[in-house]
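Bear in mind these aren't lab numbers, they're just calculated from the coordinates by the rules spelled out. Owing to the predicted nature of the structure, the values given are computational and were not obtained by experimental measurement. Virtual Cβ from ideal backbone geometry, glycine too; neighbours counted across all protein chains shown.
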Amino acid sequence: MPAKLIDGKSLAAMVRAEQKDAIESLAARGVRPGLAAVLVGDDPASRVYVRNKARACNETGVRSEVHEFPEQVSESALLECVARLNADPRVHGILVQLPLPRQLDAARVLAAVSPEKDVDGFHAANLGALLQGRPGFVPGTPAGVMRLLEHAGVPLAGRQAVIVGRSTIVGKPLALLLLQKDATVTICHSKTADLAAVTRQADILVAAVGSAKLIGADMVKAGACVVDVGINRLADGTLAGDVDFAAVKETAGWITPVPGGVGPMTVAMLIVNTVRAAELSIGKPLV
Ligand code: NAD
């Protein structure tokens, strides 16, 4: 039987609409949530991501601004910009679009963002809070994956979850979130021996690699929930995920499409985090 499609686009629209009350309460206190994006260089994908985030902000009632720098910008100029944004009361959330050019130390730039404005959740203080199970900002992509799973009613407690990809922005934080929901979690990566043998054990399989159609039907247990985080541009210009969607949808119990799955949820969770940052700025603690 073909898998149930988990529609990230419509869930993302719902999540954004849910922010309306909070945004109105903030407006009554004279606060409009504001997100500042820092964009370095001409990477076309980064430009598209920043544009989509700004558009989503505008549609949701969040003020957005973009600070653009040339590829050759110095680290000190970038750090100065981040310091200015940290001090700006109209800016509640700051995102530094990754990847940064090689001459810049991305870790140092991310560490400069105030943890209270770190709506991407990449600061060590927020990642540490996630590790310890304390309130903080959770990175948008893993938070979005969790909302998709919850919305689809996928059982997690006691189930085998396998994540392919161990990045700090997707794989590792997602593993912690799934652990919090009592899943038994395995993280695979480029050195994993016999990847298919591991993925076939998964009740929940998340692919976050960046390799088009890496996950074939023979790697998926019948009835599993398959979440595709990957975004790959094919030679013909179309987008594909890390999962061979056409084949896997015949085996899986649930599946997310690319585009229209995790991507829109990442943006929606960024908006949620920006609204929470604005609330935090007027004394409402994170939960
Ligand atoms: P990354 O390059 O930081 O990490 C990739 C991971 O894949 C690494 O841990 C690596 O060990 C693993 N890997 C590489 N080849 C492998 C293989 N053959 N078998 C098993 N594991 C392998 O990537 P990232 O930043 O986590 O992004 C992963 C993908 O997700 C990319 O396509 C990216 O564009 C996409 N992405 C999408 C969203 C979204 O909103 N949908 C957000 C972030 C990233």
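Taken over the C-alpha atoms, the range 170-216 has Rg and Dmax values of 10.9, 30 angstrom. The angle separating the long axis of helix 44-60 from the principal Cα axis of greatest extent in the chain is about 70 degrees. Put simply, the amide H of Cys225, placed in the peptide plane, has neighbours under 5 Å in Ile204, Leu205, Gly253, Trp254, leaving out anything fewer than 5 places away on its chain. The slack in the chain from Arg233 to Thr184, taken as 0.36 nm per residue of separation less the alpha-carbon distance, amounts to 14.4 nm. Once the Kirkwood radius over Cα pairs is known for the range 98-141, the Stokes-Einstein relation at 4 °C and 1.567 mPa s delivers a diffusion coefficient of 119 µm²/s.
Under 10 Å from the Cβ of Thr199, count the other residues' Cβ atoms, weight Lys and Arg +1, Asp and Glu -1, and hand me the total.
Working: positive: Arg200, Lys221; negative: Asp194, Asp218.
Once positives and negatives cancel, what remains is 0.
Select from the range 201-287 those trypsin sites (Lys or Arg not before Pro) which occupy a DSSP coil region and have at most 16 other Cβ atoms within 10 Å, ordered by residue number. Filter output for the range 201-287: empty list. For Val272, neighbours were defined as the other residues whose beta-carbon sits under 15 Å from its Cβ, and their charges (Lys and Arg +1, Asp and Glu -1) total 0.
Taking only the alpha carbons of the range 1-94, we obtain Rg and Dmax values of 16.7, 56 Å in that order. Evaluated on the range 70-206, the Kirkwood hydrodynamic radius is 16.6 Å, with distances taken between all distinct Cα atoms.
Where both residues lie in the chain, what percent of DSSP beta bridges are antiparallel, nearest 5? Mind showing how you got there, number by number?
Details: 2 of 31 bridges.
Beta bridges within the chain, antiparallel portion: roughly 5 percent.
Taking label positions 7 Å along the Cα-Cβ direction at both Ala13 and Ala27, the computed distance is 2.1 nm, reported to one decimal. Shown here for the range 99-133: trypsin sites (Lys or Arg not before Pro) in loop regions (DSSP other than H, G, I, E, B) with at most 10 other Cβ atoms within 10 Å, namely Arg102. A simple count of charges around Asp42, restricted to other residues whose Cβ falls under 10 Å of its Cβ and scoring Lys, Arg +1 and Asp, Glu -1, yields -2.
Show that you can apply the helix-only estimate: for the chain, add -39,500 (n - 2.57) for every DSSP H stretch of four or more residues, divide by all residues, and state [θ] at 222 nm to the nearest 500. Provide the component values of the computation, followed by the final result.
Details: 11 runs with 117 residues, N = 287.
Computed mean residue ellipticity for the chain: -12000 deg cm²/dmol.
Rounded to the nearest whole Hz, the Karplus-based 3J(HN,Hα) values (6.51 cos²θ - 1.76 cosθ + 1.60, θ = phi - 60°) of the range 268-278 follow the sequence 4, 6, 5, 5, 4, 5, 5, 5, 5, 5, 5, with x at glycine and proline.
Among the listed pairs Lys117/Lys213; Lys4/Lys53; Lys20/Lys284; Lys9/Lys213, which have their C-alpha atoms separated by more than 25 angstrom in this model? Going by Cα-Cα distance, Lys117/Lys213; Lys4/Lys53 fall outside the 25 Å limit. Each 10 Å bin from zero holds the following percent of Cα-Cα pairs in the range 127-245: 14, 47, 32, 7, 0. Ordered by the count of other Cβ atoms within 10 Å of each Cβ, fewest first, Cys81, Cys57, Cys225 give Cys81, Cys57, Cys225.
In Å, the Kirkwood hydrodynamic radius of the chain over pairs of distinct alpha carbons?
On the way: mean 1/r = 0.0514 Å⁻¹.
After inverting the pairwise mean of 1/r, the radius is 19.5 Å.
If I fit a long axis through the Cα atoms of helix 171-180 and take the longest principal axis of the Cα atoms of the chain, what angle between them do I get, 0 to 90°, rounded to 10? The two axes meet at around 80 degrees.
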